[in-house]
Structure formats: structure tokens, C-alpha cells
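Have a look at the structure below before the remarks.
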Amino acid sequence: MNVITVTLSHFRNFSEETIHLHPGINLFSGQNAQGKTNLLESLFYLSTLRPLRPVKEREMIQFGFPEAKVTAKICSFQREQCLSVGLSKEKRRVLCKNGVLQRKVQDFTGTLQSVFFSPDDLLLIKEGPAGRRRMIDLALSQLRPRYAGILTEYNRLLEQKGKILKQAEEKPSLLELLPVYNEKMVQAAGQIIAFRHAYCKLLSQYCERIHHNISGGKDTLKLAYTSLSNLPDTSLPPEQLTILAREHMNAHSKAELASKMCLSGPHKDDLQIFINETPAKSFGSQGQIRTAVLSLKLAERDILKKETGQSPVLLLDDVLSELDSKRQDFVLNRIAGGQVLISCCSIDRSARAYAGKQFSVVNGSIRECTDF
Ligand SMILES: Nc1ncnc2c1ncn2[C@@H]1O[C@H](COP(=O)(O)OP(=O)(O)O)[C@@H](O)[C@H]1O
Ligand SMILES: [Mg+2]
């Protein structure tokens, strides 16, 4: 699949901008704070309906403007499709696919598939589980649009239950609502855990193989998905996972009331990463971590390609100069065949040789360079 055109209207630091992309490698260069990451974010957002960082959607609207719009014409299985998201400070976002209003998240995500990779992804390994959960959720939402719907519902319930727990002291009558929330949450939890288990198993298989290749067989990479403490085996069917999630939630109900926090559920899940059988978080060297993250990202791309039948759009944000030349070549060779948007500060020589189109990004405006 590839993006043919992108139109940004009051998105981040872009006022009105339309660009025509090459189906292969597109190189965006420019100094810091010019809008390179913002451009990649606009496509990532169209594919996942999530901003790059966990921020409020309205922060993506250009400062001082009430509304923003991102539109992309894409080619998927030789068919042209048009996706757009309208954001407003006051109203709900508006999703359109081929000119038709889409009410459900799952009818929109999964149309444009993308994999985003930036140096911040190194934190995936060093920091807490939230980033790793997000990585799984973003990939799964594209791969299994139904998952995106279930997760959105779970997160809504989680937020509301959190409010109930916080306000229960002042308004004890709110507690009467808890059993309804808890039941809906454990129903969703069973499904979420089953989806995550299946995806992590796949990710683990792909990752191990890729990592073996990049590290020249020197190191091993292993992943382990962990969920609720009473669930040593996450491979159970969703109905059984729901039963166990219910037991877990009941066992934690007193503690939830006392702490006023939601303590039970897949919002606490983690993906543990081991290099040479040791937790990567505590022992991995900078080089080992880089290789592990690169393997995770390439695995994500391969899975999407295998499962959907076409390559997702790869968004490489400022990542090439972070890699040594051996890994750069490995990446550039491996990604051949799909569409890639690469952003960089100084022109990466190796990427230049591969580029189908080059653009410069200066203060929210994008120009195609024709003389390279
Ligand atoms: N909602 C917004 N409205 C206007 N400008 C924004 C908005 N969000 C971020 N920016 C600006 O975008 C610039 C950063 O763009 P970014 O894409 O991260 O740059 P880079 O080219 O370094 O990747 C900053 O100057 C920031 O102030
Ligand atoms: Mg940037």
C-alpha cells in the first residue's frame, strides 16, 4: 500500500500543505522544529487515530485555529481510497472514508497501515510497561480493527470507573454503578488478553528471527507477554480469560476502593523483553537495545505485510543517523519494496541513494527538491 497525496490543513505547524509522495522512498530533510515529525505524525494518526505521544487530540490543531483536517489519498490493493479526519476544539472528531462519514473507530483504522519508528522507541525497553502496551495496541488496532473498538470501549469504562472510585467517598451512591462497570470490563478484558496473547506470540517469533540476523547470531531476543497475576497461561479462550479476570477483579475490589484506583485489568499488562535470557531493561547495552528495538519494528512491519498481504507505510523519524552504517544498510535493503517516509536533519548519504523523491521542510512548508 502507499500514500499518493497528503493534505494538511491547520495540522500542528502546517497551515495548508499538499504533497505528492513517491511509492518508494521519500526523504524529508530540514533543521530541527520545522515540522518533519509533525508530517509523519499526520499519517500515523490517519492510520491509528492516535497521536504519536499520548496527548489530547486537540493539541494537534494549529495554535490559534479552531479546526484541523488531515486528508490522504491512498492506494491499497490497486484501489484508490480517500481518508480524512477533521479535528475541532469544540466538537467530536469527524472520520470520513471515501466521502462517507464513519461512526466507528474500527471501520476507519486498518485502512491505512503504518509502522512508526523514532529514537524515542529506545525507551520502549528502558521505561515502564505503558510504552510496550501502546506498541502492542497500536499494531493490533491496525491488524484487527475489531480490537481497536474493544480497546476504545475498555478505556472508556476504565476512565469512568476511575472517576467513580475517586468520587465514591463524597457520593457513596455512585458505588451502585460499579458492578455494571466491572462486568463490562471483564468481558472486554477476556477479549483484549486473547488478542494480545496471539499478537505477542507472533511478534516473538518474527522478532527472534530478525534479531538473529541483525546480531549475526551473537545474541538471542525473547519476548514474554504477562497479564493478570492469576493468569500464568494467557493462551486460554476469551470466555475463560473473562472468568479469571472476574475472579482477579473481585479479589482486588477492597484494595481498589481503598486506593481509589483501578488495580485489576489488562491496563496493567506488560511485554517482557529478554536479551540472552536476561531482562533487556536492566542489562542491555545501548547497542543491544538498539538492535532489539530495530528487530521489534521490522517484525511489526513483516507481520502487517504477511497478515494483510501488502507492506504497511514505514515512517522512519530521524532514525537513520542513530544507526551505524551496517544497520542503516540492513534497514534500507530490508525495506525495499514498500513505501517509506524518512525524516532526517542532515541528508543521510545512504538514504539519498535510495530516495525516489526528496523534500525539504522549512517552518511548516514542504517543497519537493528536483535537483538531486
Ligand atoms: N498544535 C501546534 N500548532 C502549531 N505549531 C505546533 C503545534 N504542535 C507543535 N508545533 C510546532 O511544531 C514544531 C515541531 O515540529 P516537529 O515536527 O517536531 O519538528 P522536526 O522538524 O524537528 O521534526 C515546533 O516548533 C512546535 O512548536
Ligand atoms: Mg522530529
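Where a number appears in this text, it was derived from the coordinates with a stated rule and is not lab data. Everything numeric in this text was worked out from a predicted model, so none of it was measured. In this analysis, Cβ positions are derived from the backbone assuming ideal geometry, glycine residues included, and neighbour counts consider all displayed protein chains.
Based on the Cβ-Cβ distance from Phe77 to Ser350, what FRET efficiency comes out when R0 is 35 Å, to the nearest 0.05? It comes to 0.65.
Per-residue extension of 0.36 nm, minus the Cα-Cα distance of Asp329 and Gln286, leaves a gain of 13.6 nm for this segment. Distance between the C-alpha centers of region 260-301 and region 117-173? Whole Å please. Computed from Cα coordinates, the inter-centre distance equals 17 Å. Computed on region 145-220, with alpha-carbon pairs under 8 angstrom and 6+ residues apart, the relative contact order is 29 percent. Remark: spin-label model distance Asn363-Glu307 equals 4.4 nm, labels positioned 7 Å along the Cα→Cβ axis. Residue order for Met249, Met1, fewest other beta carbons within 10 angstrom first, comes to Met249, Met1. At full extension, Glu183 and Lys56 could sit 42.9 nm farther apart than now, given 0.36 nm per residue minus the alpha carbon distance. Across the chain, the mean sequence separation of Cα contacts (distance under 8 Å, 6 or more residues apart), normalised by length, yields a relative contact order of 26 percent. For the chain, the 222 nm mean residue ellipticity estimated from helices alone, with every DSSP H stretch of n ≥ 4 adding -39500 (n - 2.57) and the total spread over all residues, rounds to -13500 deg cm²/dmol.
Given R₀ = 35 Å, what would the calculated FRET efficiency be for Asp233 paired with Glu322, taking r from the Cβ atoms and rounding to 0.05? That gives a FRET efficiency of 0.40.
Residues of region 58-102 falling in the label zone of Glu159, defined by backbone nitrogen less than 18 Å from a point 7 Å along Cα to beta-carbon, are 58-61, 86-95. Here the calculated FRET efficiency for Ala255 and Thr370, from their Cβ-Cβ distance with R0 = 56 Å, stands at 0.30, rounded to the nearest 0.05.
Here the dipole of region 1-105 is about 480 debye; that uses its Cα centre as origin and unit charges on the Cβ of Lys and Arg (positive) and Asp and Glu (negative). Cross-link reach is defined here as a Cα-Cα straight distance under 15 Å, omitting same-chain residues fewer than 8 places apart; for Lys97 the aspartates and glutamates meeting it are Glu80, Asp107. Straight Cα distances below 25 angstrom link Lys260 to the lysines Lys56, Lys161, Lys163, Lys166, Lys171, Lys184, Lys268, with same-chain residues fewer than 8 positions distant left out. Excluding Thr5 itself, what net charge comes from residues whose Cβ is under 14 Å from its Cβ, given Lys and Arg +1 and Asp and Glu -1? Combined, the nearby Lys, Arg, Asp and Glu give -1.
Each part gets one Cα centre, and for region 200-245 versus region 5-53 those centres are 33 Å apart. Taking every DSSP bridge with both residues inside the chain, close to 70 percent are antiparallel. Rounded to the nearest 20 debye, the dipole magnitude of region 123-186 is 320 debye, with +1 charges on Lys and Arg beta carbons, -1 on Asp and Glu beta carbons, and the Cα centre as origin.
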